[in-house]
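As C-alpha cells, the structure follows; a few thoughts come after it.
The values are calculated or read from the model by the stated rules, or taken from the named source; none is laboratory data. Predicted model, so just to flag it, every value in this text is computed and none were measured. Virtual Cβ from ideal backbone geometry, glycine too; neighbours counted across all protein chains shown.
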C-alpha cells in the first residue's frame with residue numbers, strides 16, 4: 001500500500017492543485033495522465049536514471065519509473081564526467097528534454113485508462129542516491145518509497161498542523177537529493193499540498209513569490225545567503241533546513257528577517273531524518289523524531305532505531321553525542337573528524353576552531369590530504385588582512401606563520417604541514433564540503449595551477465576567473481625578470497579545466513585558429529571562457545582580462561574519450 | 001654560493017616537503033627559523049634526523065651551538081664541512 005500512489009490515483013483528488021508555476025496551477029489529474037503515458041513507454045525491471053531541472057517532470061518520471069516496475073537512479077548532478085562515473089549503474093537516462101519528447105510521442109489510445117490496479121508496492125519502489133564516499137567515488141544508497149512514506153508519516157504530525165489551507169511549498173533545494181525529494185515531491189502528494197514546479201535556488205525568486213503561511217525547504221548554505229536587513233518580508237509558517245548544521249548567528253538573522261526560527265532536521269541520506277530543533281541558543285538540543293529511539297555505542301557515537309531508518313535494526317552513526325535524560329541530545333562532532341597522527345588523537349574540529357580565532361583567517365577546514373598522511377593539511381579562506389599578509393609572504397611562509405600561531409593551542413602532531421588558500425571553500429550543490437573536493441586542492445604538488453576564484457557554468461560553456469602569482473612554476477625562467485605565461489600552458493589549462501567542467505578528454509589531437517594577442521603576466525586576473533562541443537569533440541577557449549582585453553583564443557580538437565582512455569592506460 | 005649550500009637548500013625543500021619554495025627563494029644567510037624562512041620546531045626535528053642520515057653528522061640537542069648551526073643555510077654548510085673535515 002502506498003499513500004503516494006493512492007493519493008495520485010484517488011478520483012476525489014484529481015482536481016486538487018499539485019504544482020504552481022508562476023500564476024499557473026497544475027492539478028493532480030494532469031500529472032497522473034503524464035505518469036500513465038510515460039510509464040507505458042518504459043521497460044519493467046530496468047534501472048533508469050533521472051535528472052531534471054523541473055520538479056514536475058521529475059515527479060512524473062519518478063512515479064512512471066516506479067509504476068513500470070523499474071528502479072530510479074538519482075544522480076546528484078548531470079555533469080558528463082559524473083554520469084560516466086556512475087554509468088554502469090543505469091540502463092537509460094531521462095532528463096527534461098527526453099521526458100517532454102516521450103510524452104509528446106505517447107500514443108493516447110494505447111493508454112490503459114483504468115489505472116486503479118496500477119498501484120505498485122511501496123516497498124519495491126527503489127530510489128538510488130549517491131553520496132561521496134571517503135575516496136570521493138560516488139557510493140550508492142538505496143531508499144524505498146516505503147521508507148520515505150514512513151518518514152513522512154513520522155514527520156507529518158510535527159509540521160502538518162502548522163500549514164493552513166492553501167499553504168504552498170517553496171523549495172530552494174534540489175529534488176535530486178533525499179531531503180528535497182521527501183519535502184518537495186512525496187510530501188505534497190501525501191499531504192495534498194501545492195508545491196513549486198521548479199526549485200527556486202535564489203532568494204529574490206523566493207521573496208517575490210513567498211506568502212504568509214508557506215513552507216520553505218532550504219539548506220544552511222542558502223539561509224546564510226539571506227539578506228540580513230530584509231524588511232516587510234512575508235512570514236512563512238515553517239522554514240525547514242537540512243543538509244548540515246545551521247550556525248546560531250544565521251538562525252538568529254533568519255528569525256529576525258522572516259519572523260520564524262528555522263526548523264533544522266538532522267539526518268543523512270542513509271538514515272533519513274533523525275531529530276529536529278529550533279536553535280535559540282548554543283545549547284539547544286536535538287529532539288528525536290516521534291518514535292525514534294536513540295542510544296550511544298562504546299565510543300560515544302549516536303545510534304538510532306526507527307522504522308524508516310533500518311526497520312528493527314539499529315543504525316550506527318559516526319556522530320559523537322551526549323544524550324540527556326529527556327532523550328534530547330547534543331552533537332559533539334563526527335568521530336571521523338578525529339584523526340590519529342603519530343599515535344596521537346587530533347580533533348580536526350578543534351584545529352579549525354583555533355584557526356578561525358586568528359584575525360587572518362575567515363574560515364578553515366583541516367583534513368588529511370591522503371588516507372595515511374602523518375601531517376595535517378588545511379584549506380583556508382583568508383580575511384583581507386590575511387590576504388595582504390599572504391601577498392607579502394607567499395604561500396609557504398604564510399602557512400608557517402599561521403602554524404606558529406596555532407602552536408599556542410595545539411600539540412605538535414596537530415600542526416598542519418600543507419596549506420591551501422582559497423577565495424571560498426569548495427562546496428557541492430547542497431552546500432556540503434565533500435572531502436574529495438578538498439583533497440583535490442592538494443593533488444598537485446607543484447605550484448602549477450592558478451587559483452580558480454569564481455566559476456559559472458551554463459550548459460556547455462564555462463567561465464572561470466583565474467588568479468595567477470609570480471611564484472608559479474610556469475613563470476620560472478619564462479622569462480627572467482619578465483614573467484609571461486607560456487602559450488603551451490594556456491592550451492594545457494584550457495584542456496584541463498575543460499575536462500574538469502565537462503568531463504571531456506584531456507587529450508588534444510589538433511590545435512587550430514590559435515591567436516596570441518597580448519601576453520599574460522602574473523599580475524593579470526584572467527577570465528578563461530571555454531565552450532565545449534561534444535559532437536566533434538572540441539573546446540573553444542578565450543583568455544581575457546578586465547576591460548575585455550583579449551589575450552589569446554583558439555580551438556582544441558580532442559581525442560574521443562574511449563581512445564584517450566586507452567592511451568592513458 | 002657554494003654547491004653544498006645549494007645542495008642543502010634542495011635537501012631542506014625535499015625533506016620538509018616545502019611546496020611553493022624553490023632553491024632560489026632561500027637566501028643562504030637568511031634565518032631558517034621564525035622570521036626568515038619560517039621553519040618551526042617540528043621542521044627542526046625532521047631536518048635534524050634527515051641531516052644525520054644523509055651527512056652522517058652528530059647533532060647533540062644539548063649542545064649550545066646547535067642553534068647557531070641551524071641558524072642559516074650558510075651556517076649549516078659550515079657545520080657539515082667542519083664535521084666531515086674532523
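Does the stretch A:423-445 contain any residue that is closer than 27 Å to residue A:545 by Cβ, within 14 Å of chain B (Cβ to nearest Cβ), under 27 Å from the mean Cα position of the chain (by Cα) and not in a loop (DSSP other than H, G, I, E, B)? No, the stretch A:423-445 contains no residue that is closer than 27 Å to residue A:545 by Cβ, within 14 Å of chain B (Cβ to nearest Cβ), under 27 Å from the mean Cα position of the chain (by Cα) and not in a loop (DSSP other than H, G, I, E, B).
Filtering the stretch A:65-88 to residues that are outside any strand (DSSP E or B) and either over 20 Å from the mean Cα position of the chain (by Cα) or at positive phi (or both) leaves A:65, A:66, A:67, A:68, A:69, A:70, A:88. Of all the residues in the stretch A:534-564, those that are within 27 Å of the chain's Cα centre (by Cα) and at pLDDT 90 or above number 1. Here residue A:543 meets each of (1) in a strand (DSSP E or B); (2) loosely packed, with under 15 Cβ neighbours inside 10 Å with one exception, condition (2). For the stretch B:7-29, what are the residues that are within 11 Å of the chain's Cα centre (by Cα), away from chain A (no Cβ under 11 Å) and without any contact (Cβ under 8 Å) to a residue 60 or more places away in the chain? Passing the criteria: B:7, B:10, B:11, B:15, B:28.
Given the condition more than 14 Å from chain A (Cβ to nearest Cβ) and farther than 27 Å from residue A:411 by Cβ, answer yes or no: does some residue in the stretch B:43-54 qualify? So far as the stretch B:43-54 goes, yes, one or more of its residues are more than 14 Å from chain A (Cβ to nearest Cβ) and farther than 27 Å from residue A:411 by Cβ. Evaluating residue B:35 against the criteria (1) within 11 Å of another protein chain (Cβ to nearest Cβ); (2) out of contact with any helix residue (DSSP H, G or I) (no Cβ under 9 Å at 6 or more places or on another chain); (3) more than 26 Å from residue A:405 (Cβ to Cβ) leaves one unmet condition, (3).
Does residue A:320 fit the bill of being in a strand (DSSP E or B) and at pLDDT 90 or above? No.
Within the stretch B:75-86, the set of residues being touching a residue at least 60 places away in the same chain (Cβ under 8 Å) and crowded, with 17+ Cβ neighbours inside 10 Å comprises B:76, B:77, B:80. Inside the stretch A:100-129, residues that are more than 24 Å from residue A:10 (Cα to Cα) and either at pLDDT 90 or above or in contact with a strand residue (DSSP E or B) (Cβ under 9 Å, 6 or more places away or on another chain) (or both) make up a count of 6. Taking the stretch A:465-488 as the range and being outside any loop (DSSP other than H, G, I, E, B) and away from chain B (no Cβ under 14 Å) as the test, the residues that pass are A:465, A:466, A:467, A:487, A:488.
Taken over the stretch A:378-405, residues that are under 24 Å from residue A:443 (Cβ atoms) and touching a residue at least 40 places away in the same chain (Cβ under 8 Å) amount to 7. For residue A:275, the conditions (1) part of a strand (DSSP E or B); (2) without any contact (Cβ under 8 Å) to a residue 40 or more places away in the chain; (3) farther than 24 Å from residue A:164 by Cβ are fulfilled apart from (2). So, in the stretch A:286-305, how many residues would count as being assigned to a loop (DSSP other than H, G, I, E, B), surrounded by fewer than 17 Cβ atoms within 10 Å (Cβ to Cβ) and modelled with pLDDT of 95 or more? Residues in the stretch A:286-305 being assigned to a loop (DSSP other than H, G, I, E, B), surrounded by fewer than 17 Cβ atoms within 10 Å (Cβ to Cβ) and modelled with pLDDT of 95 or more: 1 in total. Could you grab me the full set of residues in the stretch B:55-80 that are farther than 18 Å from residue B:14 by Cα and either within 14 Å of chain A (Cβ to nearest Cβ) or in contact with a strand residue (DSSP E or B) (Cβ under 8 Å, 6 or more places away or on another chain) (or both)? Scanning the stretch B:55-80 gives a single hit, B:71. Looking only at the stretch A:281-324, residues that are more than 24 Å from residue A:248 (Cβ to Cβ) and out of contact with any strand residue (DSSP E or B) (no Cβ under 8 Å at 6 or more places or on another chain) come to 6 in all. What do you reckon, is residue B:2 more than 13 Å from chain A (Cβ to nearest Cβ) and in contact with a helix residue (DSSP H, G or I) (Cβ under 7 Å, 6 or more places away or on another chain)? It is true that residue B:2 is more than 13 Å from chain A (Cβ to nearest Cβ) and in contact with a helix residue (DSSP H, G or I) (Cβ under 7 Å, 6 or more places away or on another chain).
For (1) touching a helix residue (DSSP H, G or I) at 6+ places or on another chain (Cβ under 7 Å); (2) part of a loop (DSSP other than H, G, I, E, B); (3) more than 23 Å from residue A:153 (Cα to Cα); (4) at pLDDT 95 or above, each residue gets a yes or a no:
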site	(1), (2), (3), (4)
A:5	no, no, no, yes
A:15	yes, yes, yes, no
A:39	yes, no, yes, no
A:43	no, yes, yes, no
A:48	yes, no, yes, yes
A:57	yes, no, yes, yes
A:60	yes, no, no, yes
A:63	yes, no, no, yes
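Taken over the stretch B:17-54, the criterion of being assigned to a loop (DSSP other than H, G, I, E, B), at pLDDT 85 or above and surrounded by 19 or more Cβ atoms within 10 Å (Cβ to Cβ) is satisfied by B:26, B:32.
Yes/no per residue for (1) touching a helix residue (DSSP H, G or I) at 6+ places or on another chain (Cβ under 6 Å); (2) crowded, with 19+ Cβ neighbours inside 10 Å; (3) outside the structural domain of residue A:388 (by TED's automatic domain parsing):
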| residue | (1), (2), (3) |
| --- | --- |
| A:307 | yes, no, yes |
| A:321 | no, yes, yes |
| A:347 | no, no, no |
| A:360 | yes, yes, no |
| A:367 | yes, yes, no |
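Total residues in the stretch A:172-217 satisfying the condition of being over 20 Å from the mean Cα position of the chain (by Cα), in a loop (DSSP other than H, G, I, E, B) and over 23 Å from residue A:127 (Cα atoms): the figure is 5.
Conditions (1) closer than 24 Å to residue B:42 by Cα; (2) assigned to a loop (DSSP other than H, G, I, E, B); (3) more than 14 Å from chain B (Cβ to nearest Cβ), marked per residue:
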| position | (1), (2), (3) |
| --- | --- |
| A:364 | yes, no, yes |
| A:387 | no, no, yes |
| A:409 | yes, yes, yes |
| A:419 | yes, no, no |
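Condition check ((1) surrounded by 13 or more Cβ atoms within 10 Å (Cβ to Cβ); (2) in contact (Cβ under 8 Å) with a residue 40 or more places away in the chain) across all residues:
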position	(1), (2)
A:438	yes, yes
A:450	yes, yes
A:464	yes, yes
A:472	yes, yes
A:477	no, no
A:485	yes, no
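Would you confirm, using the coordinates I've provided, whether residue A:491 is within 23 Å of residue A:337 (Cα to Cα), away from chain B (no Cβ under 14 Å) and not in a loop (DSSP other than H, G, I, E, B)? So residue A:491 does not fit the description; no.
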